[in-house]
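The values are calculated or read from the model by the stated rules, or taken from the named source; none is laboratory data. These numbers were taken from a predicted model, which means no experiment stands behind them. Glycine also receives a Cβ, built like all others from the backbone with ideal geometry; neighbour counts cover every protein chain displayed.
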Amino acid sequence: MKNNRVQVISDIAEIINSNPGCCFLRKAELIFESSIENDIDLLLTHDANNTLWKYLKKLGFKKKIDSKILNIYLYGAQPHIHYYNKNLDLHFDCVFGLFHKSVHIISQPGFEITHWIPLDKSIQEDSIKEFSKIKINECEINFLRSEVELVHLLAHVILDKKGNTDTYYKERIPLLLKKSDINKLKNMLNLVFFNFTDYLIELLEKNKFDLLFQEYIAFGDY
C-alpha cells in the first residue's frame, strides 16, 4: 500500500463503497484537493467508522471528538469525529447523520454553547437510500443525491455558517436547484424551514445568497 494522499483517499472511498449508508457528504468532486483546513466530510455508520479508524490509526492519524461541554446534542444528534494527519495534510470530519446547528446559542463570557439537532427522520432515511456517483482518479465516489444534498447544503449554509456562502456554494446550489425535482425538494425543505420554504426558493432563484440567513431569522410567518 502506498502511503500517500491519493492512495489514502482512494482507500477511504473503498471503505465507504463497501459499507451501505455511507458517502462523501460535501464537495465530493474536490476530495483530492483537500487539506487539513479544507477537510473531507464523511457520512458514516458506526461500523464503517470503526473500520475507518482501524485503517487510519495504522497510518499515524490522530483522533478528536467534538466537545460535549461546548456543544449540546439533541434528539439523537451526535458529535463530529475528526481524524487528521499533518504529514499527509489530510483531515476527515465524520458524522453519523445530517446534524445541524440550532439558531439558539447560549452565549457566555469568552465562549458559546451550540445546540445540534438532526434533520427530520424522513430526510435522514432518504439520505442513505440512493446515492449519486462520480468517478475521479479511477475512484468511484458516492455522495448525496441532488434533492438531499441541496437541503443539507442549505441547512449547512443558513444554520451552521449563518449565511456565510462561499464561491463553491454559490455555484453548487443553483446547479442542484436545476437538477432537483422541485416537488420533492419543497417537501423536504418544508420539514426544515417550514413556511419559509417558498421564499427561500425565491431567494435562491434570484441568487440572493447573502440574504439567506438574515431573511430566515427575520421571517415571522411560520
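Screening region 33-48 for residues that are out of contact with any strand residue (DSSP E or B) (no Cβ under 6 Å at 6 or more places or on another chain) and surrounded by 12 or more Cβ atoms within 10 Å (Cβ to Cβ) and picking the one that is nearest to ASP89 (Cα to Cα) gives SER35.
Within region 75-100, which residues are surrounded by fewer than 16 Cβ atoms within 10 Å (Cβ to Cβ) and farther than 14 Å from LYS64 by Cα? Those that are surrounded by fewer than 16 Cβ atoms within 10 Å (Cβ to Cβ) and farther than 14 Å from LYS64 by Cα: TYR75, GLY76, ASN87, ASP89.
Does at least one position in region 125-132 carry a residue that is at positive phi and under 17 Å from the mean Cα position of the chain (by Cα)? The answer is no, given that none of the residues of region 125-132 is at positive phi and under 17 Å from the mean Cα position of the chain (by Cα).
Within region 21-60, being touching a helix residue (DSSP H, G or I) at 6+ places or on another chain (Cβ under 9 Å), in a loop (DSSP other than H, G, I, E, B) and under 24 Å from VAL151 (Cα atoms) holds for GLY21, CYS22, LEU25, ARG26, LYS27, SER34, ASN38, LEU44.
Would region 112-120 turn up any residue that is surrounded by 16 or more Cβ atoms within 10 Å (Cβ to Cβ), at negative phi and in contact (Cβ under 8 Å) with a residue 60 or more places away in the chain? Yes. When the test is whether a residue is among the β-branched types (Val, Ile, Thr), surrounded by 14 or more Cβ atoms within 10 Å (Cβ to Cβ) and either in contact (Cβ under 8 Å) with a residue 60 or more places away in the chain or out of contact with any Asp or Glu (no Cβ under 6 Å at 6 or more places or on another chain) (or both), VAL103 does not pass it. The residue pairs whose first member lies in region 10-33 and is among the polar types (S, T, N, Q), whose second member is crowded, with 19+ Cβ neighbours inside 10 Å and part of a helix (DSSP H, G or I), and whose beta carbons are closer than 7 Å, counting only pairs six or more residues apart or on different chains, are ASN19/ALA48.
Checked against (1) under 19 Å from LYS179 (Cβ atoms); (2) free of Cβ contacts under 8 Å to residues at least 60 places away in the same chain; (3) not charged (D, E, K, R), LEU144 passes all but condition (2). Among strands (runs of 3 or more DSSP E) entirely within region 62-178, having at least 1 residues that are touching a helix residue (DSSP H, G or I) at 6+ places or on another chain (Cβ under 9 Å) and either of a type in the set (S, T, N, Q) or more than 17 Å from ASP39 (Cα to Cα) (or both) singles out 81-85, 99-108, 111-118, 131-136, 139-144. When LEU150, LEU185, LEU177, LEU200 are checked against the criterion of being modelled with pLDDT of 95 or more, surrounded by 15 or more Cβ atoms within 10 Å (Cβ to Cβ) and touching a Phe, Trp or Tyr at 6+ places or on another chain (Cβ under 8 Å), a single residue qualifies: LEU200.
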